[in-house]
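Read-outs: derived from the displayed coordinates by stated rules, not from any lab. Quantities reported herein were computed from a predicted structural model and do not represent experimental measurements. As a convention, Cβ positions derive from the backbone with ideal geometry for all residues, glycine included, and neighbour counts pool all protein chains shown.
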Amino acid sequence: MARRLDLAARHAFPASITILLMLLTEAPFGIVDQTSLLPAVALASVWFWSLYRPAAMSPPVVFAIGLLLDLLDWLPIGTGVLALLIVHGIALRSRRTLGRHGFALVWLAFAVVAAGAATLEWAATAVLTWRLVPPGAMLFQAVLSAALYPALAILFARAHRSIANPERA
Amino acid sequence: MIHLSIPARQALAKLTLPVLVAASFGLMLLGKADAVLADRARIAFADAMAPIYAVLAAPLGNLRAGIANTAGLWDLRATNAHLRTQNEELRRWQSVALALDAENRRLKAELHWIPDPAPTYVTARVVADAGGVYAKAVLLSVGPHHGIKRGEIALDARGLVGRVTEVGARSARVLLITDLNSRIPVVLEGSGAHAIMVGTNGPWPRLLYWPEGSPPREGEHVVTGAETGTFPANLPVGTVHYTSAHVAEVEPAALLDRLEIVRIFDYGLNGIVPPEAAKPLPDWHG
């Protein structure tokens, strides 16, 4: 019983840490442009866990995280969901190729994917609200996502080997 | 639990992603068709989170104040000297203001002026940014039975902050004057000319549509105009500033990027309050 609980906890870790971090980015820290942290954290987390632990970051989980992103970020409903599902799909497809390479290439690939996701969110927001939203925020989000990834990846990689590792249960 | 054969299960697993991608498009359509539902979901979520953020706000605020205090210790002497001279100056202005206030009251009494009704207000703490990447808004934590209504006006200690666009049971959302959807009738205090202040999502909103012949002057004070019935007249908004490209902008008087506490005023105005979810984004342009 304890072992099954332990396994379940380890299995739920990626989704839980993602949601927790997303809620934390909205806490009143008083950082300027703090809102751009939310999509950056969501993107980095979905990318990392889809690459290294796809069993725990399944499409329904990604869907739920995307919905949370839309609600928290006041984006038109569905845009964050779509962007994260696409990021998840790309991560799944490139798992085998990227897995053979080092961290630098994974990071570079993420930077490209994050820029694509930011562009998609921006375009979908513009179409759904029928307004040309200034692209500055999109660029900032893409750059911030790429810049934040190494820090989050170190944290996640540690968890991946220790507390989130089902083989250690 | 339904037991499926391994190939069937694999096929099902492969189908999940495309089905969910299709579902996300469905969500977009749903959100577009029924914006009320989406807004209700958001504000219900904000209601759940607001008390948690409100609890976090106090210690985080203390931490920030502590850091600012420590940083302030470095230039204590210079700050002190600066504050002393400023205090002297403000005392002079205070005596001027008191004299003017007395004169104003006397003149109003002579004219049998009908005083404006004193507005009621609620003070609330700003607990989170509720704008996201493409909007400028803040979330307020308010107690139950707060009585805040949509369209009411938010001010901080210095000037106009924005208007209430969504109200929940324990939270309210204020769209800032810098938001892309914000259109505010203003009056240039020097010339008395009317203009519209348009948000750009940047820190400084733009001035548009002033009458020909009375362009806004650099440093001129900007106050709200009462012409649409959405704002009372003469709330401080900011000062005019020209960019290097000669675009007239308003430097907001309110500290919009460091909002901690705002007051929500009920002026009893119901000019143009947007119908709930007439547009996908909560907006209030006239």
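For this structure, a couple of remarks:
- Shape call, the range B:184-260: gyration tensor on alpha carbons, a/c limit 1.5: oblate
- The label-point distance for B:A118 and B:L100, in a model that sets each label 7 Å from Cα toward Cβ, rounds to 2.2 nm.
- Once the mean of 1/r is taken over each pair of separate Cα atoms and inverted, the protein assembly as shown shows a Kirkwood hydrodynamic radius of 24.7 Å.
- Sequence ranges A:94-107, B:107-120, ranked by mean other-Cβ count within 10 angstrom, highest first: A:94-107, B:107-120
- Proximal charge balance of B:D47 [Cβ under 12 Å; K/R count +1, D/E count -1]: +3
- Candidates B:L100, B:L155, B:L269, ranked by Gaussian network fluctuation over chain B, Cα under 10 Å, top entry: B:L100
- Helix-only mean residue ellipticity at 222 nm for the protein assembly as shown, each DSSP H run of n ≥ 4 adding -39500 (n - 2.57), per residue, nearest 500: -18000 deg cm²/dmol
- Burial order of peptide ranges A:28-34, B:8-14 (average beta-carbon count within 10 Å, highest first): A:28-34, B:8-14
- Within 10 Å of the Cβ of each residue in A:64-73, the mean number of Cβ atoms contributed by other protein chains is 4.
- DSSP H segments from chain B that extend 18 Å or more along their own axis, Cα-based, with Kyte-Doolittle mean of -0.5 or above: B:6-33, B:35-74
- Taking a ≥ b ≥ c as the square roots of the Cα gyration tensor eigenvalues, chain B comes out prolate, since a/c reaches at least 1.5 and a/b is larger than b/c.
- Fully extending the segment from B:R206 to B:R9, taken as 0.36 nm per residue of separation minus the present Cα-Cα distance, adds 65.2 nm.
- Cβ-Cβ FRET estimate between B:L83 and B:F25, R0 fixed at 60 Å, reported to 0.05: 0.55
- Spatial separation of Cα centroids for the range B:50-66 and the range B:103-174, in angstrom: 22 Å
- Kyte-Doolittle mean at least 1.0, axial Cα span of 24 Å or more - DSSP H helices of chain A: A:103-129, A:136-161
- Per-residue shielding of B:27-35, expressed as the average number of other chain Cβ atoms within 10 Å of the residue Cβ, stands at 5.
- Under a 5 Å amide H cut-off, with hydrogens placed 1.01 Å from N, B:E249 pairs with B:L207, B:H241, B:Y242, B:T243 among residues at least 5 apart or on other chains.
- Couplings 3J(HN,Hα) of the range B:187-202, computed from phi: 10, 7, 5, x, 9, x, 6, 8, 7, 10, 9, 10, x, 10, 6, x Hz, in residue order, whole Hz [Karplus 6.51 cos²θ - 1.76 cosθ + 1.60, θ = phi - 60°; x for Gly and Pro].
- All Cα-Cα separations within chain A were binned at 10 Å from zero, giving a P(r) of 10, 40, 35, 12, 2, 0, each value a whole percent of the pairs.
- Using a simple spin-label model with pseudo-atoms 7 Å out from Cα toward Cβ, B:R40 and A:L24 lie 3.4 nm apart.
- Radius 14 Å from Cβ of A:A42, net charge of other residues (Lys, Arg +1; Asp, Glu -1): -4
- Spin-label model distance (nm) - A:M1 vs B:A109, 7 Å beyond Cα toward Cβ: 8.2 nm
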